[in-house]
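Below: the structure, in structure tokens.
Every number here is computed from the coordinates shown, using simple stated rules; none is lab data. In this text the structure is predicted, and so the values were computed from the model without any measurement. All Cβ positions, glycine included, derive from the backbone under ideal geometry; neighbour counts span all protein chains shown.
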Amino acid sequence: MMESAPKIVLDNNSPLVTQVAQYLRSYIGANLQTGDKLPSERMLCKMFGVSRITVGKAIASLVQEGVVYQLHGSGTYVADPAAADSSTIAVAVYHSDNAFYSKVVKAIQEEAAQAGFHTLLINTKGEREAENIALRKLRGKVSGIILAPAMNADDEISSELAALIGGNFPVVVICHSGRFPLPVNTVIPNYHLGGYLATSHLIERGYRRILFGATGNIFYRQDIQLRFSGYLQALKDHRLAFHEEWLVMGDGQDVFNGFFQDGLQAAERVAALLEPDTALFSLGDSFAIGLLRGLREKGIAVPEQCGLCGFDDIELAGQWGIELTTVKVLCEDIARESVRIVAEQIRRQHRLIENVITPVELVPRRTTLGKGPRQRIGFPTGNKTGMVPPNQSFSNQN
């Protein structure tokens, strides 16, 4: 084993990074097979008698050559020579300028680069036909695909995506799910838990009339339904009845901006429903920020007269003057898991289907700090069940 090899003496005739890379390249070619794990960087530093920076640069050069690949938190592995010429993965989302998906795309690109992949970005604008055309053009040009699928009211995926899944092409679906013809890899935030955390937080702040803000054109989607089911579960566990009038629906015409205009227009409806102890949990931050502006224009104080909680934790949510309480989706976790799965499938390590649920976190800010004691609801981030036990007791942290 390489770990048991004696210390390797380098000379002064060429850069240390070049020598380390050349030794590893030769050793891998003669002794290791696809999928074999290299020693840790600490072990390599000890063997070569060089710094961590030198070893890191040498491995990075081998990643770029397609000799090895890295998996975050796991290590460095020998790449499949047959796959080295196909080192591009496509990332297909609604639009990379969208406040949420821009964070997801950035995280995936960084994770993919570390794993030795280039990324090709596709914006589908949520249209299945646009997705069909894009996936058709990608045939033979990429070795794997990570995408948030475009779905219509029937909750079915595009025909091209269905064909890729049926053909065992390396595909990972992120953020959304739908009706798939065969099992497929998915990496989905814990939407149910997020809805539960948000609603429980509002209730524990003293609000009792908890509205749910969404748009009719996407309310059917499973990711929205999971938020809604968490919301309903929290109401039930806190012995509050749900009323149909608490559904505040926009028309869904402002998709590109995350339904900001829908939230702004919803202020009229919320004002009509306003009673003491009213709050609203929104399907997303942009809707909530639009609503916040609309309520302020009507002279309604947030959080004193109406509490407000969003979902996603986009950059704008934490800015001064907004400071929106929200549920944070951990984009880095989505990126790490989706790249890991697609990389393993491309490099033929396995073909097992994985369905990963990534953690979410409640981020209390000023839009819910006006009522009740200041507290932070905690929940173990390692929970991957997607469900919350009835009457779950949450810990309070000062």
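A few notes on this one:
- In percent, rounded to a whole number, the relative contact order of segment 215-371 is 18, using alpha-carbon pairs under 8 Å and six or more apart.
- R0 of 25 Å, Cβ-Cβ distance TYR27-ALA113: FRET efficiency to nearest 0.05: 0.55
- The slack in the chain from LEU352 to ALA272, taken as 0.36 nm per residue of separation less the alpha-carbon distance, amounts to 23.6 nm.
- Cα-based shape type of segment 254-323, given that a ≥ b ≥ c are square roots of the gyration tensor eigenvalues and the cut on a/c is 1.5: prolate
- Segment 114-129 and segment 91-107: distance between their alpha carbon centers, rounded to Å: 9 Å
- Value of relative contact order over segment 137-284, rounded to a whole percent, pairs C-alpha under 8 Å and six or more apart: 23 percent
- Counting 0.36 nm for each residue step from LEU182 to HIS95 and taking away their Cα separation leaves a gain of 28.7 nm.
- Each peptide in 246-252, 276-282 receives the mean, over its residues, of other Cβ atoms within 10 Å, and ordering these scores from highest gives 276-282, 246-252.
- Treating r as the C-beta distance of ALA301 and SER102 and R0 as 35 Å, the FRET efficiency rounds to 0.65.
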